[in-house]
Amino acid sequence: MKPPILICILAVFMQMVACSNEQATAPAVIPQPVEMVLSHGRFRLAPDTRISWSGSQEASAVAAQLASVLRPATGFELIVSEGIDGDISLLIDASEEWKPEEYRLTVEKNKVIITAGSGAGLFRGIQTLRQLLPPQAFSHNRAEGVKWAIPCVRVTDYPRFGWRGMHLDVSRHFFDKEFVKKYIDILAMHKLNVFHWHLVDDQGWRIEIKKYPELTEVGAWRVDREDKPWDSRQPQQPGEKATYGGFYTQDDIREIVAYAADRFITVVPEIEMPAHVGSAMAACPEYSCTGGPFTVPPGGVWPITDIYCAGKEETFAFLEDVLTEVIDLFPSEYIHIGGDEADKTEWKRCRDCQARMRKEGLKDEHELQSYFIKRIELFLNSKGRRLIGWDEILQGGLAPEATVMSWQGFEGGIAAARSGHKAVMVPTSHCYLSVYQGDPVTEPESFRGLLTLKKVYSFEPVPPELTAEEAELIIGAQGCLWTEYITDGTRAEYMILPRLSALSEVIWSPSDRRNWEEFNIRLPKMLERFDAAGINYSRGSYRVDMYASYDEASGDIILEMASEQPSPEIRYTTDGSDPLPGSEEYSGPLKMTGKTTVKAAIFENGKMIGGISSKAININKATGMKVQYNIPFSDKYRGHADRTLVNGINGSGDFNDGHWQGFEGTDMDVVIDLGDETTISSISSGYMAAVGSWIFLPRSVEYSCSNDGNDYTPLGTVITEVDPADQGNMIEVYSSSFPAVNARYVRIVARGLITCPPWHAGAGNKAWLFCDEISVE
Ligand code: ACM
Ligand code: ZN
């Protein structure tokens, strides 16, 4: 019979209390081990500490690695030898039954023992051991004056999922070999076991293929438009040389695969098909439907119509050649073939593709895509490999042995599991670490959308609607990092950390060991490790969120502050100055008056621990007044209807924040009724550009006024100086000042682009105009 659970918890608690004199806080291990019990005392690492290994050569290799990672910070040249009598003893014990990657770690005053059934288990164990040391243990330089003590502890640990991955897109921006190794080190530190390497996409082909050197000679290079917003980059022009990019030689790839294998991480290469191959099309246009010519796009492409021809036999011969070399380089069981976001426009008008559909009895282009993927799967299976692809491979029928990577939500994974297929869960909502993790105004430019640390931590990879048997088919989850806005390694680290720390706990730790408040107690130590290791990270989770609302009844603006941090100490100012430890502490909603900039931050022990958030409250003569729309706003972006533009609250960097109002394919034409004749001398209105989302600044804004609401006197016109191609993501306020006049009605006409410009992905389609907030003084 099981002992009552309360007694177990009490027993652990008493042990923790018993050791509290020596060890003030529980060790901050991330991801949280399955079981960890502290006891008295510490093991002290010293220059003469001996490491021994036994069981197999894998144990020897892990022991050597342990000595090697401890060396830089401690300066200790620890001796490693075969046997079981070392002060730190690593044992592979194949006589016991072990779960995959399971290990046991015991730290006593005079001895550390890590036991596992495999090298992978031992390696995961030494990650825990490293985290039991002071954070300076992660430094690449000698850390002086540190006592290298490890608390006495017993750990039993194994992962929840067999696929614990992190992806890196090296196509949108190229990352050199040294950075890829650092990235793999970060994965290893989090006990991940899959590195999903996105080697091919429209904007760059990054893997040397000996049979087709043109894939990297041409496909790895694009014209340098890095000074332009991603979604408004002009294609390569005649006579222009493509100079921006890079690729990995096959030797580089072998080196990285071996580096990852030493850390018990499998590298799963992704070779995109049939779409996201603009780089391959530029090099080998003969495998397209149209024959090209094509150039490597230097920025965003949408929709993706230039894809491999599914009708030509030559396409399949080419892909089999490429995959043959890929298989030789990567020992992984899985080969990722992409499969996402293929626009079938060219397949519909291609004679070869249509002939293929007739010959094979395929009823539509989805079935043609399914034919394509199934054929590639047969080839991979014939080489002893398995196919994995993005969830679009479900369209037209899933290949018989395929595994689905569910990115558009949970549905793809659910459909796969229900039909007996394996799935890896990577829903954008919880796993796309390329979107903002804090306020877009203060965070570096990223994909639109907000994925906070807390939301990542709340991720549950197994959808509750699956039966227990189906749930077994969810083999794991991973984070994805798309690099359109990530130009270097430092930024890549910033985007994945500490969200990857949260995700690692989701996919390693038992779900009942997860606790957001408690994770936040351990997290600061993890950040200290990143600091010691020279790894960049974000403090987005330590920001203050400010929500302003307009109360229709009283006309008051109420400001509330919150944070996803448990019990934050929020301090704020209202005079525009930066908050200090002695600033007013937030204790509840504030009623705002006049024009105020509120600045707030989180403090701990007298120190600011995140960034400063700022909110402008803009109460003016238009605030709360009636707005008449001569052109209606779009139902898709209503804000909060008629009061949105004059509620005294400026829209944030997120056009979905409920404060912005959108006009689709039209100008904006509004009249504000100030109630009585009022003296005015300036008007301003704010607009957003988010060119990738088809939102552009107005070309001009015309202000006029009237006393009867019929005859208007012009007050001024403001013209933007920012070309649509340079707008990217920005907010621009169009302000006009004039000699004071008396007026009751103010009219604002913003002239939009109406349609997206010819160079834009949405060329000829309706363009958006987004406004907030109108201010009259
Ligand atoms: C994807 O994000 N297109 C897989
Ligand atoms: Zn075709």
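For the stretch 308-322, give me each residue that is surrounded by 15 or more Cβ atoms within 10 Å (Cβ to Cβ), within 16 Å of ligand 2 (Cβ to nearest atom) and part of a helix (DSSP H, G or I). If the condition is that a residue be surrounded by 15 or more Cβ atoms within 10 Å (Cβ to Cβ), within 16 Å of ligand 2 (Cβ to nearest atom) and part of a helix (DSSP H, G or I), then THR315, PHE316, PHE318, LEU319 are the ones that fit. Within the stretch 323-334, one or more residues are within 16 Å of ligand 1 (Cβ to nearest atom), within 32 Å of the chain's Cα centre (by Cα) and not in a helix (DSSP H, G or I). Residue pairs whose Cβ atoms lie under 9 Å apart, separated by 6 or more positions or on different chains, with the first residue in the stretch 253-264 and touching a residue at least 40 places away in the same chain (Cβ under 8 Å) and the second small (Gly, Ala, Ser) and not in a helix (DSSP H, G or I), are VAL257/SER332; PHE264/SER118.
The set of residues in the stretch 78-119 that are crowded, with 22+ Cβ neighbours inside 10 Å, touching a residue at least 60 places away in the same chain (Cβ under 8 Å) and within 17 Å of SER509 (Cα to Cα) contains only GLU101. With respect to being under 37 Å from the mean Cα position of the chain (by Cα) and either at pLDDT 95 or above or over 30 Å from TRP516 (Cα atoms) (or both), SER52 falls outside the description. When you scan the stretch 462-469, do you find a residue that is surrounded by fewer than 23 Cβ atoms within 10 Å (Cβ to Cβ), in a helix (DSSP H, G or I) and away from ligand 1 (no atom under 16 Å from the Cβ), even just one? Yes, the stretch 462-469 contains a residue that is surrounded by fewer than 23 Cβ atoms within 10 Å (Cβ to Cβ), in a helix (DSSP H, G or I) and away from ligand 1 (no atom under 16 Å from the Cβ).
Tell me, please, whether a residue that is touching a Gly at 6+ places or on another chain (Cβ under 7 Å) and assigned to a strand (DSSP E or B) can be found in the stretch 696-717. So far as the stretch 696-717 goes, yes, one or more of its residues are touching a Gly at 6+ places or on another chain (Cβ under 7 Å) and assigned to a strand (DSSP E or B).
Scanning the stretch 367-377 finds no residues that are within 14 Å of ligand 1 (Cβ to nearest atom) and out of contact with any Asp or Glu (no Cβ under 8 Å at 6 or more places or on another chain).
Report, ordered by the first and then the second residue, all pairs with beta carbons closer than 7 Å, sequence separation of six or more or different chains, a first member in the stretch 160-175 that is closer than 15 Å to LEU199 by Cβ, and a second member that is basic (Lys, Arg). Listed pairs, sorted by first residue: VAL170/ARG206; SER171/ARG206; PHE174/ARG206. If we keep just the residues of the stretch 470-487 that are touching a Lys or Arg at 6+ places or on another chain (Cβ under 6 Å) and of a type in the set (Val, Ile, Thr), which is surrounded by the fewest Cβ atoms within 10 Å (Cβ to Cβ)? Ranking the qualifying residues of the stretch 470-487, first place goes to ILE475. In the stretch 698-719, the residues that are in contact (Cβ under 8 Å) with a residue 24 or more places away in the chain form Cβ pairs under 7 Å with partners that are of a type in the set (Asp, Glu), at six or more places apart or across chains, as follows: ASN707/GLU677. Determine, yes or no, whether SER554 is buried (at least 19 other Cβ atoms within 10 Å of the Cβ), farther than 26 Å from ARG130 by Cβ and more than 16 Å from ligand 1 (Cβ to nearest atom). It is false that SER554 is buried (at least 19 other Cβ atoms within 10 Å of the Cβ), farther than 26 Å from ARG130 by Cβ and more than 16 Å from ligand 1 (Cβ to nearest atom). Applying the criterion of at least 3 residues that are more than 14 Å from ligand 1 (Cβ to nearest atom) to the helices (runs of 4 or more DSSP H) found wholly in the stretch 401-461 leaves 411-418, 453-457.
Residue-wise test of (1) within 16 Å of ligand 2 (Cβ to nearest atom); (2) assigned to a loop (DSSP other than H, G, I, E, B); (3) in contact with a Phe, Trp or Tyr (Cβ under 8 Å, 6 or more places away or on another chain); (4) under 26 Å from ARG448 (Cβ atoms).
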| site | (1), (2), (3), (4) |
| --- | --- |
| TYR494 | no, no, yes, yes |
| MET526 | no, no, no, no |
| SER538 | no, yes, yes, yes |
| ILE570 | no, no, yes, no |
| LEU580 | no, yes, no, no |
| LYS599 | no, no, yes, yes |
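Taking the numbered list (1) touching a helix residue (DSSP H, G or I) at 6+ places or on another chain (Cβ under 6 Å); (2) buried (at least 20 other Cβ atoms within 10 Å of the Cβ) in turn, LEU769 passes all entries but (1).
One line per residue, one yes/no per condition, for (1) surrounded by 13 or more Cβ atoms within 10 Å (Cβ to Cβ); (2) within 25 Å of PRO758 (Cα to Cα); (3) in contact with a Phe, Trp or Tyr (Cβ under 9 Å, 6 or more places away or on another chain); (4) modelled with pLDDT under 95:
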residue: LEU697; (1), (2), (3), (4): yes, yes, yes, no
residue: ASN707; (1), (2), (3), (4): yes, no, yes, no
residue: TYR712; (1), (2), (3), (4): yes, no, yes, no
residue: LEU715; (1), (2), (3), (4): yes, no, yes, no
residue: ALA740; (1), (2), (3), (4): no, no, no, no
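Inside the stretch 588-627, can you point out the residues that are closer than 22 Å to ASP578 by Cβ, over 27 Å from the mean Cα position of the chain (by Cα) and hydroxyl-bearing (Ser, Thr, Tyr)? Answer for the stretch 588-627, where residues must be closer than 22 Å to ASP578 by Cβ, over 27 Å from the mean Cα position of the chain (by Cα) and hydroxyl-bearing (Ser, Thr, Tyr): THR593, THR596, THR597. Pairing each residue of the stretch 349-362 that is under 10 Å from CYS309 (Cα atoms) and touching a residue at least 60 places away in the same chain (Cβ under 8 Å) with any residue that is among the small types (Gly, Ala, Ser) and within 8 Å of ligand 2 (Cβ to nearest atom), provided the two are 6+ apart or on different chains, yields C-beta distances under 7 Å for CYS350/GLY311; ASP352/GLY311; CYS353/ALA310; CYS353/GLY311. Inside the stretch 503-526, residues that are among the aliphatic types (A, V, I, L, M) and touching a Ser or Thr at 6+ places or on another chain (Cβ under 9 Å) make up a count of 4.
Within the stretch 759-772, does at least one residue satisfy the condition of being within 20 Å of LYS626 (Cβ to Cβ) and assigned to a strand (DSSP E or B)? Yes, the conditions are met somewhere in the stretch 759-772.
The values are calculated or read from the model by the stated rules, or taken from the named source; none is laboratory data. What you see is a predicted model; the values in this text were computed from it and never measured. In this analysis, Cβ positions are derived from the backbone assuming ideal geometry, glycine residues included, and neighbour counts consider all displayed protein chains.
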